[in-house]
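S.K.: One structure, pasted below without further comment.
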Amino acid sequence: MKTLASLVMAAFAAVAPAHADDWSDPQKPFTIYGNTHYVGTAGISAVLITSPQGHVLIDGATAAGAKVIAANIAAMGYRLEDVKYILSSHSHEDHAGGISALQKLSGATVLAGAANVEALRSGVSPKEDPQFGNLSNFQGVAKVRAVKDGEVLKQGPLAITAHATPGHTVGGVSWTWQSCEMGKCKAMVFGDSLTAVSADSYRFSEHPEVVATFKASFSKVEALPCDVMITAHPGVNALFERQKREAAEGKAAYVDAGACKAVAGKGRELLASRLADEGKKK
């Protein structure tokens with residue numbers, strides 16, 4: 001049986017390239033736990049957190065993936081028009097390319113890390129992004145506002161906390177909340193990407209400030225209350241493998257208190273490996 005660590009490392013390797021064929025492919029939606037539902041594509045996570053007073057959507061996948069998300073929300077029995085907020089993990093085309101369309105359809109307010117707001121509004125990543133030059137532009141997003149580190153978004157009974165986790169982008173954000181099922185509540189985490197990926201000419205060793213933000217983000221994610229983790233790329237935490245296990249294990253298949261530590265740890269290993277490789281090429 002594969003260990004979580006081996007699955008995480010394999011998934012990190014799989015998402016490292018600048019493009020993936022399954023970013024926009026359909027994926028049947030499903031409930032992860034309580035009022036938390038997976039409505040993303042086969043390769044990019046999007047999560048719908050529901051309440052009688054309105055819903056919150058995290059991430060929007062690609063422009064083509066937005067259609068998948070909209071259809072999945074409807075398939076789960078919810079209305080896109082009832083989505084009051086769209087939360088962004090980071091401003092790359094694979095996660096934010098569909099936000100513009102979803103915002104227009106829902107009228108929702110979009111929240112993002114302060115350093116990513118302008119990129120979302122323009123659809124163009126800044127030169128400070130390690131992947132600058134390799135990134136596709138996307139449709140700019142209306143009605144965006146910055147969220148502060150530690151800020152709690154409240155929508156009806158929902159309370160969702162923003163955690164600044166920069167590195168992969170300058171304004172990356174991870175999100176936490178609680179979901180309850182049959183009287184048992186779990187600490188939920190939507191973890192932003194923690195991968196040290198860049199354009200070919202970029203050297204992390206020449207940007208100590210970026211290395212420092214990565215290290216701070218690893219420590220922050222490791223310390224989060226974390227019963228159930230959904231990563232920005234579902235494969236990083238083997239989400240679909242967990243879904244298959246649900247038939248035999250029930251919702252326990254998704255519960256893994258060590259997931260945040262494992263994902264952050266592998267991110268740290270990847271960064272260390274990248275720095276070591278750069279040192280050899282001096």
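S.K.: Say we look at the stretch 251-262 and pick out the residues that are outside any loop (DSSP other than H, G, I, E, B), open to solvent by less than 30 Å² (accessible area, probe 1.4 Å) and out of contact with any Cys (no Cβ under 9 Å at 6 or more places or on another chain); which of these is nearest to residue 184 (Cα to Cα)? Break it down into steps so the answer makes sense when it comes.
M.R.: Initially, the stretch 251-262 is screened for residues outside any loop (DSSP other than H, G, I, E, B), giving 251-253, 259-262.
Still in the running and open to solvent by less than 30 Å² (accessible area, probe 1.4 Å): 253, 259-260, 262.
So of that shortlist, the ones also out of contact with any Cys (no Cβ under 9 Å at 6 or more places or on another chain) come out as 253, 262.
Details: 253: 15, 262: 24 Å.
Top of the filtered list is 253.
S.K.: Considering only residues that are in a loop (DSSP other than H, G, I, E, B) and farther than 22 Å from residue 24 by Cα, which ones fall in the stretch 224-250? I'd like the intermediate steps shown before the answer.
M.R.: Keep residues of the stretch 224-250 that are in a loop (DSSP other than H, G, I, E, B), which gives 224-227, 232-233, 238.
Passing the criteria: 224, 225, 226, 227.
S.K.: Among the numbered criteria (1) closer than 27 Å to residue 118 by Cβ; (2) crowded, with 21+ Cβ neighbours inside 10 Å; (3) not aromatic (Phe, Trp, Tyr), which one does residue 200 miss?
M.R.: Result: residue 200 passes all but (2).
S.K.: Answer yes if at least one residue in the stretch 190-210 is touching a helix residue (DSSP H, G or I) at 6+ places or on another chain (Cβ under 9 Å) and acidic (Asp, Glu), and no otherwise.
M.R.: yes
S.K.: Further, regarding this structure: When the residues of the stretch 144-176 are filtered to those that are among the basic types (Lys, Arg) and closer than 16 Å to residue 114 by Cβ, which remaining residue is most open to solvent (accessible area, probe 1.4 Å)? Don't jump to the end; show me each part of the working.
M.R.: Let us first name the residues in the stretch 144-176 that are among the basic types (Lys, Arg), namely 145, 148, 154.
Pick out the ones that are also closer than 16 Å to residue 114 by Cβ and you get 145, 148.
On the way: 145: 90, 148: 150 Å².
If we take residues in the stretch 144-176 being among the basic types (Lys, Arg) and closer than 16 Å to residue 114 by Cβ, then 148 is most open to solvent (accessible area, probe 1.4 Å).
S.K.: Give me the residue from the stretch 175-222 that is hydrophobic (A, V, I, L, M, F, W, C) and part of a helix (DSSP H, G or I) and, out of that set, nearest to the chain's Cα centre (by Cα). Please lay out each step first, then the result.
M.R.: Taking the stretch 175-222 as the starting set, the residues that turn out to be hydrophobic (A, V, I, L, M, F, W, C) are 175, 177, 180, 182, 185, 187-190, 194, 196-197, 199, 204, 210-212, 214, 216, 218, 221.
Adding the requirement that they be part of a helix (DSSP H, G or I) leaves 204, 210-212, 214, 216, 218, 221.
Working: 204: 22, 210: 19, 211: 20, 212: 21, 214: 16, 216: 18, 218: 15, 221: 13 Å.
If we take residues in the stretch 175-222 being hydrophobic (A, V, I, L, M, F, W, C) and part of a helix (DSSP H, G or I), then 221 is nearest to the chain's Cα centre (by Cα).
S.K.: Let me ask something else about it. Within the stretch 107-128, can you find the residues that are closer than 13 Å to residue 57 by Cβ and surrounded by fewer than 21 Cβ atoms within 10 Å (Cβ to Cβ)?
M.R.: Selection gives 107, 109.
S.K.: Go through 179, 217 for me and flag whichever is farther than 19 Å from residue 274 by Cβ and either modelled with pLDDT of 95 or more or crowded, with 17+ Cβ neighbours inside 10 Å (or both).
M.R.: Working: 217 fails: farther than 19 Å from residue 274 by Cβ.
Answer to the check: 179.
S.K.: For the stretch 44-61, indicate whether the set of residues that are in a loop (DSSP other than H, G, I, E, B), open to solvent by less than 30 Å² (accessible area, probe 1.4 Å), among the β-branched types (Val, Ile, Thr) and modelled with pLDDT of 95 or more is non-empty. Before you say what the answer is, go through the steps one by one.
M.R.: From the stretch 44-61, those in a loop (DSSP other than H, G, I, E, B) are 44-46, 50-54, 59-61; that's our starting set.
Retained after the next criterion (residues that are open to solvent by less than 30 Å² (accessible area, probe 1.4 Å)): 44-46, 50-51, 54, 59-61.
Still in the list and also among the β-branched types (Val, Ile, Thr): 44, 50.
Imposing the further condition that a residue be modelled with pLDDT of 95 or more reduces the set to 44, 50.
For the stretch 44-61, residues in a loop (DSSP other than H, G, I, E, B), open to solvent by less than 30 Å² (accessible area, probe 1.4 Å), among the β-branched types (Val, Ile, Thr) and modelled with pLDDT of 95 or more: present.
S.K.: Right, residue 90: in contact with a strand residue (DSSP E or B) (Cβ under 8 Å, 6 or more places away or on another chain), under 21 Å from residue 168 (Cα atoms) and open to solvent by less than 30 Å² (accessible area, probe 1.4 Å) or not? Reasoning before the result, please.
M.R.: Numbers: in contact with a strand residue (DSSP E or B) (Cβ under 8 Å, 6 or more places away or on another chain): yes; under 21 Å from residue 168 (Cα atoms): yes; open to solvent by less than 30 Å² (accessible area, probe 1.4 Å): yes.
Taking the combined requirement at face value, the residue satisfies it.
S.K.: Is there any pair with a first residue in the stretch 24-53 that is farther than 14 Å from residue 67 by Cα and a second that is among the aromatic types (Phe, Trp, Tyr) and open to solvent by 30 Å² or more (accessible area, probe 1.4 Å) whose Cβ atoms are under 7 Å apart and which are 6 or more apart or on different chains, and what are they?
M.R.: Taking only residues 6 or more apart or on different chains, the pairs are 48/78; 50/78.
S.K.: Identify the residue in the stretch 93-105 that is under 12 Å from the mean Cα position of the chain (by Cα) and open to solvent by less than 10 Å² (accessible area, probe 1.4 Å) and, among all such residues, is nearest to residue 234 (Cα to Cα).
M.R.: Restricting attention to the stretch 93-105, the residues satisfying the condition of being under 12 Å from the mean Cα position of the chain (by Cα) are 94-96.
Next cut, open to solvent by less than 10 Å² (accessible area, probe 1.4 Å) only: 95-96.
Details: 95: 12, 96: 16 Å.
Looking at residues that are under 12 Å from the mean Cα position of the chain (by Cα) and open to solvent by less than 10 Å² (accessible area, probe 1.4 Å), I get 95.
The values are calculated or read from the model by the stated rules, or taken from the named source; none is laboratory data. Keep in mind the model is a prediction, meaning the values are calculated, not measured. FYI the Cβ positions are ideal-geometry reconstructions off the backbone, even for glycines, and counts take in every protein chain you see. Side chains included, ligands, DNA and RNA excluded: accessible areas come from the protein's heavy atoms. Shrake-Rupley method; radii C 1.70, N 1.55, O 1.52, S 1.80 Å.
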